[in-house]
Amino acid sequence: MKWLFCFILSVPLLLNAASPDKLVPKQKQVVAVRLAEQIVLDGVLSEAVWQNGSDVTGFIQREPVEGGEPTEKTIVRVAYDDDALYIGAQLVDSAPDSIVARLGRRDAIIRADQFICFIDPYYDRRSGFYFGINAGGTRYDGTLFNDEWDDESWDGVWEGKAAIDNQGWTAELCIPFSQLRFKEKETYTWGINFRRDIQRKNEKVYLVFTPKKSSGFVSRFVDLVGIENIHSSRYIEILPYMRTKAEYIKVDTENPFHDGSKYLHDIGMDLKYGIGSNLTLDMTLNPDFGQVEVDPAVVNLSDVETFFEEKRPFFIEGAQIFQNFGFGGARNFWGFNFWNPDFFYSRRIGRAPQASAPDYDYAEIPEGAHILGAGKVTGKIGNNWTVGTIHALTQKEIGDFTSGDRKFKSEMEPLTYYGIFRIQKEMNESRQGLGMISTLTSRKFDQPSLRDEFNKDAFAFGIDGWTFLDTSKTWVIAGWAGASHVRGTSERMIELQRSSRHYFQRPDANHVRVDSSARSLTGHGARMWLNKQKGNVIFNAALGALSPGLDVNDAGFMWRSDLINGHIGSGYQWVEPGKITRETELIWAIFQSYDYDMNSVWRGIFHLGWFRFVNYYTLEYMLAYNPETINNSRTRGGPLTLNPPGWEVDLLLESDDRKAWVFNLSFCNYSKGKNNWEIELEPMLEWKPRSNVSLAVGPEIQWERSFTQWVDCFEDPLATHTYGKRYVFAEMKRTEISANIRLNWTFTPKFSLQLYLQPLVSHGDYANFKELVQPKSYDFRLYSADAITLVNGDYQIDPDGAGSSEPIQVSDPDFHVKSLRGNAVLRWEYSPGSTLYLVWTQRRSDEEYFRGFNFRRSFNHLWHTEADNIFMLKWTYWWSL
């Protein structure tokens, strides 16, 4: 592998570092005109300012011909008054009947003719906002950060209208200054850019764009001048809500807590307050942090937690301030099996109660910890300091239980405080950046037994930053370093050290051990990347480490600690269209991972190819080979084993998504030899029968044959070769079929219906039970058929035949999970910022075991299973003071 390492390292040095960036915008300045009349926002440019304002016409193609002249004329004008910025766009089209005007709910990704305005009001050349509208009237908005990244989660309160005429189509946008953040002055200079998409031609034109062989977007914006004497120093937005919820769920008829129906009502209020012109305070009273969209069903057979995306608006808005920790400056952050921790994972706040439930017959346990109150401050202060802080308090949650004739209560989640603070400073025209993040989680226990199940306090702190190495901003170093410290009882620390994130109890580990007297756990981690930002040559390298004691899971998310990982990769991209392809990218890399005992736990060779063809189909393939390595987690805290060599082949084909029928096909295969492989096949078909309707069906089929599927471990002093325990595995055959089905029906830009359905059937059969023979091997001893007896549905295994070891009991691990989840969401934005939701959620699940996999039989059984139905009506109203 050394020759490949030398080749990859030498590629960037043998080729030119970067092609010169010669892009110069045709128009270097946009002038905003103060209004002398009121604008009627209807999408028709009938006001005088749209006829006599300063025209913006210097657009240039990025797609399909980079640097080419636009095929259609675009004229944009900018105006303002004391309260808002106005954009008027005349989008001339020689074939108005061919304009693609599709309807979708706000921020929906749909292919249509569209116009977008990008604004950098803080004039920091790295961040900003975007506001867009398509020819059908669908609106888009979001924030810009890290110079060329965007986040659509932010929803501002603004208006936009579009109209089609015999000359093409027109757009009017009204963006209140209260929605922007800027330094208050007498006269202003902001950054601005515009983009127009002509879908039938796959044409994208900009006022100024990022060349395909270069980087930087916000930093290229032209100046917006002419704005004077405006203010956004103080504003108050109030958003009260009312919610009513009806639950009809299947319950045991003897359940004393639930008769099958429940009705809930709630009220609350969100408040947004402008602190100066740069900071925003968000506060909430009795917040409604319920999700409108359901989480997908998963079957998790691993020893690590499943990560779910955040879907609650309070935490989504402005999340990039916290989530971009460690990811500033560079445009690529390749991982290659480095489990980069998230210092802040907002779904910890309001999570499901985590305490162990006592023995009971029936229980009533809250679904999530109720958030008593939460607040956050986000924005900029001083000379280009970005700040963000979140504080939340969740209440103590009590479960109600019965056991026989006895009724009792038990604390299931303690009163908990979460605090997060983030700050970042950009310097020297953003050539350098330096930031930090800190989190604090603190709990108050009223029930003493919970002290042994939860950390009392948890702290985490990190610094991050970047620096460009040359004046052309071609090479950049970026990274982070951080530490964590958790405290609790000695019993809790023992449990934490033995958890799947740490496995300190590994008997053959020389660098860690369980400290039974410890009342705290401390760890650290770091990661650094070197990235090439420009040119045809691609280069990325990284080195990182997570110490065995690092644990940020109280307020963040991480899978494992105890890792040293690095990679080096290079490639080449062709961006000029040819006879077959429009763009091509080829990448090669090598990677290596160790634990802190310097066991090689993963390594490999990687190759990726990506092609965009002239017909706008795309093809991506990935090849990887992993030599034999050491596995330090297969025995779940036991001795080391070996990973056999493996290889992976992935394929992704995507059709032209402008068409009425869109087809994607994904294929993944990872093989470690006979009876040890995984295959995943995921086709997707989308149909757009009308401009306001789309139906997407994405089935997914998984086949897995695992030679060493974990079953359990058992104490046995006679198992001396494996440190006094028997580590039992089996061969597993798993088949899983699921689907994601979505129907989007948009009646108007502000009134839409969205349906989501996810059926899932997962079947697993375990056979050929075996035990590990010796550490640091892949040798297993198969239990003979005579040694296994089925007793009351469980297996009784004699592990050593004529030996004196006691029989072990193994619960039947076979499974047959059937699930159907879906919801329907009707949204109506009846007034700017004010929304009415009507939501229906249905859940069906069943785990009755069937021998063999039969999808039709399983789905029929699931269809006749009694469903849980939940109906919710939510009303919000936006006030601005």
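The values are calculated or read from the model by the stated rules, or taken from the named source; none is laboratory data. Owing to the predicted nature of the structure, the values given are computational and were not obtained by experimental measurement. Cβ atoms come from the backbone with ideal geometry, glycine included; neighbour counts cover every protein chain shown. Ligands, DNA and RNA are stripped out before the accessible areas are found, and what is left, the full protein with its side chains, is counted by its heavy atoms. Shrake-Rupley method; radii C 1.70, N 1.55, O 1.52, S 1.80 Å.
Couple of notes before you dig in:
- Taking the criterion of being under 19 Å from TYR625 (Cβ atoms) and at pLDDT 95 or above, the residues of segment 654-679 that qualify are PHE667, CYS668, ASN669, TYR670, SER671, TRP677, GLU678, ILE679.
- Flag if LYS776 is open to solvent by 20 Å² or more (accessible area, probe 1.4 Å) and on the phi > 0 side of the Ramachandran plot: yes
- For segment 558-579, a residue qualifies if it is among the small types (Gly, Ala, Ser) and more than 30 Å from ASP597 (Cβ to Cβ), and the qualifying residues are SER570, GLY571, GLY578.
- Among the residues of segment 563-607, the one identified as touching a Leu at 6+ places or on another chain (Cβ under 9 Å), open to solvent by 50 Å² or more (accessible area, probe 1.4 Å) and over 21 Å from TRP334 (Cβ atoms) is TYR596.
- Residue tally, condition open to solvent by less than 60 Å² (accessible area, probe 1.4 Å) and at pLDDT 95 or above, over segment 63-74: 3
- Filter result (modelled with pLDDT of 95 or more, buried (at least 21 other Cβ atoms within 10 Å of the Cβ) and not in a strand (DSSP E or B)) within segment 517-534: none
- Count of residues meeting criterion [closer than 16 Å to LYS204 by Cα and under 28 Å from the mean Cα position of the chain (by Cα)] in segment 83-129: 10
- Count - residues of segment 543-562 that are hydrophobic (A, V, I, L, M, F, W, C) and either more than 25 Å from the chain's Cα centre (by Cα) or open to solvent by less than 10 Å² (accessible area, probe 1.4 Å) (or both): 6
- Contact annotation: residue pairs with Cβ atoms under 6 Å, 6 or more positions apart or on different chains, pairing a residue in segment 440-453 that is farther than 16 Å from SER356 by Cβ with a partner that is small (Gly, Ala, Ser), are LEU440/GLY419; THR441/ALA458; THR441/ALA555.
- Scanning segment 176-192 for residues that are closer than 17 Å to THR280 by Cα and either touching a helix residue (DSSP H, G or I) at 6+ places or on another chain (Cβ under 6 Å) or in a strand (DSSP E or B) (or both) gives a single hit, PRO176.
- Segment 193-221, residues that are under 24 Å from ASP55 (Cα atoms), in a helix (DSSP H, G or I) and not polar (S, T, N, Q): VAL218, ARG220
- Among residues of segment 608-618 being under 24 Å from the mean Cα position of the chain (by Cα) and among the hydrophobic types (A, V, I, L, M, F, W, C), the one that is least open to solvent (accessible area, probe 1.4 Å) is LEU608.
- The requirement of being buried (at least 16 other Cβ atoms within 10 Å of the Cβ), among the charged types (D, E, K, R) and under 15 Å from TRP710 (Cα atoms) is not satisfied by LYS818.
- Within segment 147-159, residues that are closer than 16 Å to TYR122 by Cβ sit with their Cβ atoms under 7 Å from residues that are at pLDDT below 90 and among the acidic types (Asp, Glu), at 6+ positions apart or across chains, in these pairs: TRP154/GLU317.
- Members of segment 413-439 found to be closer than 30 Å to HIS258 by Cα and surrounded by fewer than 22 Cβ atoms within 10 Å (Cβ to Cβ), listed by number: LEU415
- Here the strands (runs of 3 or more DSSP E) wholly within segment 222-282 that include at least 1 residues being within 26 Å of LYS874 (Cα to Cα) are 236-248, 261-275.
- Residue match in segment 779-786 (condition: open to solvent by less than 60 Å² (accessible area, probe 1.4 Å), in contact (Cβ under 8 Å) with a residue 24 or more places away in the chain and either on the phi > 0 side of the Ramachandran plot or not small (Gly, Ala, Ser) (or both)): yes
- So SER561, is it more than 28 Å from ILE321 (Cα to Cα) and assigned to a loop (DSSP other than H, G, I, E, B): no
- There is no residue in segment 689-710 that is in contact with a Pro (Cβ under 7 Å, 6 or more places away or on another chain) and open to solvent by 60 Å² or more (accessible area, probe 1.4 Å).
Each row is one residue, and each column tells you yes or no for (1) touching a residue at least 40 places away in the same chain (Cβ under 8 Å); (2) in a strand (DSSP E or B); (3) among the polar types (S, T, N, Q).
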residue	(1), (2), (3)
PRO70	yes, no, no
ILE75	no, yes, no
ALA79	yes, yes, no
TYR86	yes, yes, no
GLN90	yes, yes, yes
ALA101	yes, no, no
GLY104	yes, no, no
ILE109	no, no, no
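- Evaluating ARG827 against the criteria (1) touching a strand residue (DSSP E or B) at 6+ places or on another chain (Cβ under 6 Å); (2) among the charged types (D, E, K, R); (3) part of a helix (DSSP H, G or I) leaves one unmet condition, (3).
- With a requirement of 3 or more residues that are farther than 21 Å from SER94 by Cβ and either in contact with a strand residue (DSSP E or B) (Cβ under 6 Å, 6 or more places away or on another chain) or modelled with pLDDT of 90 or more (or both), the strands (runs of 3 or more DSSP E) lying completely within segment 125-173 that satisfy it span 128-134, 139-145, 159-165.
- Restricting attention to segment 40-51 and to residues that are of a type outside the set (Gly, Ala, Ser) and closer than 29 Å to GLU203 by Cβ, the residue that is surrounded by the fewest Cβ atoms within 10 Å (Cβ to Cβ) turns out to be GLN51.
- Selected residue [surrounded by fewer than 17 Cβ atoms within 10 Å (Cβ to Cβ) and modelled with pLDDT of 95 or more] from SER490, SER442: SER490
- When the test is whether a residue is under 30 Å from ARG634 (Cα atoms) and buried (at least 17 other Cβ atoms within 10 Å of the Cβ), PHE325 does not pass it.
- Residues of segment 464-516 that are in a loop (DSSP other than H, G, I, E, B), over 30 Å from GLN533 (Cα atoms) and under 29 Å from the mean Cα position of the chain (by Cα): ARG498, SER499, SER500, ARG501, HIS502, TYR503.
- Within segment 190-213, residues that are among the aromatic types (Phe, Trp, Tyr) have Cβ atoms under 6 Å from residues that are assigned to a loop (DSSP other than H, G, I, E, B) in these pairs: TRP190/PRO121; TRP190/TYR123; PHE194/LEU207, counting only partners at least 6 apart in sequence or on another chain.
- Residue within segment 200-213 that is more than 20 Å from ASP82 (Cβ to Cβ) and polar (S, T, N, Q) present: yes
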